[in-house]
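Take a look at the structure set out below.
The values are calculated or read from the model by the stated rules, or taken from the named source; none is laboratory data. Bear in mind the structure is a predicted one, so any value in this text is a computation, not a measurement. Virtual Cβ from ideal backbone geometry, glycine too; neighbours counted across all protein chains shown. Only protein heavy atoms, including side chains, enter the accessible area calculation; ligands, DNA and RNA are left aside. Shrake-Rupley method; radii C 1.70, N 1.55, O 1.52, S 1.80 Å.
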Amino acid sequence: MARLVGVAPSTLRTWARRYGLEPSGHRSGLHRRYSETDVARLRYMRSLTQSGMTSRDAATRAMTATLDELAATPGVGHPVGELTPTAALRSDRRPMQERAYVGDVAPVVKTLLGTLGNADARGTISLLRIALRDLGAARTWDERVLPARAALWRLHREAQARGDALLSTAVVGAVGDVRLGRAPRNLVPVYLCSLPGHQDPAAEALLLAALAERSIHASVLGLGAGAATAIRAVSGAPAGVLVLQVPDDQVAAQLAGRLRQVAGVGEQLHWGEGWVRWAGHSGGMTDLVRAVEAASCPPPEQP
């Protein structure tokens, strides 16, 4: 996307962080999916800065530009088809999960989506077990489950719910019972938790398995049914590494911010769809496992 717009990747991240020029399909794991309107808005932003306008003023203009202005600006056409006001408006009015995004689904993910579409639970589990064997649990989440979920989000609500439920059940079935192959390496306790009402069995199962692959023992910490019980559970847990998954929900993100202020719980690591806009978040599960390992395992002794 940086090459397409003509700026450095760090510039895109700065524009997103400072001015809110985020892709409309930004999901967990730092998978950014841009609509044609997103691309046009970024190229419009670049054209304004090249004309001498400050980045702040250019961002304000880009964020408030009409579809006609974006389509009429030279050089903002998208390579997969010229952006027209009618097409852009139609795209923007459709639900996010039904919009067309830049980039194709990988063939292995298409195969997984095929078993989900056919309600083939056994086939889905088999594909996930192959991924677990070849990639490990963390990369299975980052490279199989997340892309499949992103594709499901493009469907209408009922089909999305059916596919996501089958995928979640299949992930748990493919992982099975998680056991450490040797004594745990972590001297600091590790607790996995989800915000009340936002449990994600697939993410929990794969994260437990990914940590077990690194000989890190983790426990699941229940946070109860509400904000008060969640705060009590976190404050009452023995000091350790608290790994909190945050969904893409404003109320949940606010509660996560409150939990972050609880003293005496040790180190907190946050990840998930609702945490991608916060500084210091962990992106995909692969990055998260590295962060947990660094926080909970002692460094090797130097000779």
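Table: residues versus (1) surrounded by 18 or more Cβ atoms within 10 Å (Cβ to Cβ); (2) modelled with pLDDT under 75.
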{"position": "LEU195", "(1), (2)": "yes, no"}
{"position": "GLY222", "(1), (2)": "no, no"}
{"position": "VAL241", "(1), (2)": "yes, no"}
{"position": "ASP248", "(1), (2)": "no, yes"}
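Which count do you get for residues in segment 197-220 that are in a loop (DSSP other than H, G, I, E, B) and either open to solvent by 30 Å² or more (accessible area, probe 1.4 Å) or not aliphatic (A, V, I, L, M) (or both)?
7
Mind checking whether some residue in segment 251-269 is assigned to a strand (DSSP E or B), modelled with pLDDT of 80 or more and polar (S, T, N, Q)? Before the answer, list the steps.
Of all residues in segment 251-269, those assigned to a strand (DSSP E or B) come to 266-269.
Still in the list and also modelled with pLDDT of 80 or more: 267-269.
With polar (S, T, N, Q) added as a condition, the list becomes 268.
Checked against the condition, which is being assigned to a strand (DSSP E or B), modelled with pLDDT of 80 or more and polar (S, T, N, Q), segment 251-269 yields at least one hit.
Suppose we filter segment 136-169 for residues that are under 29 Å from GLU213 (Cα atoms), part of a helix (DSSP H, G or I) and in contact (Cβ under 8 Å) with a residue 12 or more places away in the chain; how many remain?
22
If only one of ARG129, ARG99, ARG27, ARG133 is open to solvent by 30 Å² or more (accessible area, probe 1.4 Å), under 28 Å from GLN245 (Cβ atoms), touching a helix residue (DSSP H, G or I) at 6+ places or on another chain (Cβ under 6 Å) and modelled with pLDDT of 85 or more, which one is it? Steps first, answer last, please.
Values: ARG99 fails: modelled with pLDDT of 85 or more; ARG27 fails: modelled with pLDDT of 85 or more; ARG133 fails: touching a helix residue (DSSP H, G or I) at 6+ places or on another chain (Cβ under 6 Å).
Answer to the check: ARG129.
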